[in-house]
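Beneath this line is the structure, given in structure tokens, with notes to follow.
The values are calculated or read from the model by the stated rules, or taken from the named source; none is laboratory data. Bear in mind that the values here come from a model prediction, so they are computed numbers and not experimental data. Cβ placement follows ideal geometry from the backbone for every residue including glycine, while neighbour counts extend to all protein chains displayed.
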Amino acid sequence: MTDMLLAGFPVAGNPDRFFPALREDQVAFGAPSSPSAGNGYLAPTGVQAAVTCLVSGQSCGSYAPRSGTNPAFRGLMTWSINWDRFYAWEFRLHHGPFLRSLP
């Protein structure tokens, strides 16, 4: 879904109603910070692979981002910061340094 926002897409498959691409600084995706924070938890390595895929086109597996590479993308957030604290700041301590290390 993040790639769709970065690439733009036809609304309801109708090419006459096109949602234009958003800038990298307008897009973020959210992830639960821990297994207790809700469905969809993904370990930091998986989340970072998704960000790396969007930023550089690497670590995508068989997926090819329609938006191409997005070198300024840094849109990562969690809605469950309370659970991050409970799990010794796993989200913050893994993703903060990762995002800062991106070229």
Would you be able to tell me the number of residues in the range 26-48 that are more than 16 Å from Leu93 (Cα to Cα), assigned to a helix (DSSP H, G or I) and modelled with pLDDT of 95 or more? 1
Can you tell me which residues in the range 75-102 are of a type outside the set (A, V, I, L, M), without any contact (Cβ under 8 Å) to a residue 40 or more places away in the chain and part of a loop (DSSP other than H, G, I, E, B)? Trp89
Close pairs (7 angstrom Cβ cut-off, 6 or more residues apart or separate chains): closer than 25 Å to Arg74 by Cβ in the range 12-38, among the acidic types (Asp, Glu) anywhere: Ser33/Asp84; Ser33/Glu90; Ser34/Asp84; Ser34/Glu90
For the range 58-103, which positions are surrounded by 13 or more Cβ atoms within 10 Å (Cβ to Cβ), under 27 Å from Ala21 (Cβ atoms) and of a type in the set (D, E, K, R)? Arg74
